[in-house]
Amino acid sequence: MSAFADLVIKDDLAGTDRTFVPAIIDSNGVAHYYEVADVFDARRHVSVGLRLPNAGSKVVRVQYKVVIPVMNSDIPAQKDGEVIANCEFVIPKIASAANRTNIQYFMHHLLKHAVANDGVQSLNGVY
């Protein structure tokens, strides 16, 4: 189990580390982290959640969410929208450590692949 402490994530666009400070663990057990910003609405947000199987379920769900605000270029304190990324791993409770490692690495490399770059950075689909 990870400690609820600062979360440092590399921002390759800027080439720097971004530090997200712990804010709250909500009633659903989801940990929320925020980046410090001069303007409240300009804070980036990361959330991490884990749901263990209950009596009727045979899977563990691990969920990640990143939210980056889109600020107005003319009015820097005005948020015009958000860029949101969600990732959910649905893992059977009988999955081996190798299964869990494989899915994590596949997702990591998929997000670095040209098909993901074309979709996210260029807004182009697969043809």
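Here are some notes:
- Förster-model FRET efficiency, 25 Å R0, His108 and Phe4, C-beta, rounded to 0.05: 0.60
- In terms of distances greater than 24 angstrom between alpha carbons, the cross-link table entries Lys65/Lys112; Lys58/Lys112; Lys10/Lys58; Lys65/Lys93 yield Lys58/Lys112; Lys10/Lys58.
- 0 to 90° range, to nearest 10: angle between helix 97-112 axis and the chain longest Cα axis: 30 degrees
- The range 43-59 - phi-based ³J(HN,Hα) in whole Hz, Karplus 6.51/-1.76/1.60, Gly and Pro as x: 5, 7, 9, 10, 10, 9, x, 9, 10, 7, x, 9, 4, x, 10, 10, 10
- Between Phe89 and Lys58, the contour length at 0.36 nm per residue exceeds the alpha carbon distance by 9.8 nm.
- Amide hydrogen proximity for Val60: with H placed 1.01 Å from N in the peptide plane, the residues at 5 or more positions away or on another chain lying under 5 Å are Ile91, Lys93.
- Put a plus charge on the Cβ of each Lys and Arg, a minus charge on the Cβ of each Asp and Glu, and nothing anywhere else: the dipole of the chain about its Cα centre is then about 780 debye.
- Per residue, the chain reaches -6000 deg cm²/dmol at 222 nm when only DSSP H runs of four or more residues are counted, each adding -39500 (n - 2.57).
- For the chain, averaging the sequence separation of C-alpha pairs within contact (under 8 Å, six or more residues apart) and dividing by the residue count gives a relative contact order of 13 percent.
The numbers here are math on the coordinates, done by the rules we state, and not lab data. Quick caveat: nothing in here was measured; it's all calculated off a predicted structure. So basically every Cβ, Gly included, is an ideal-geometry build from the backbone, and we count neighbours across all protein chains shown.
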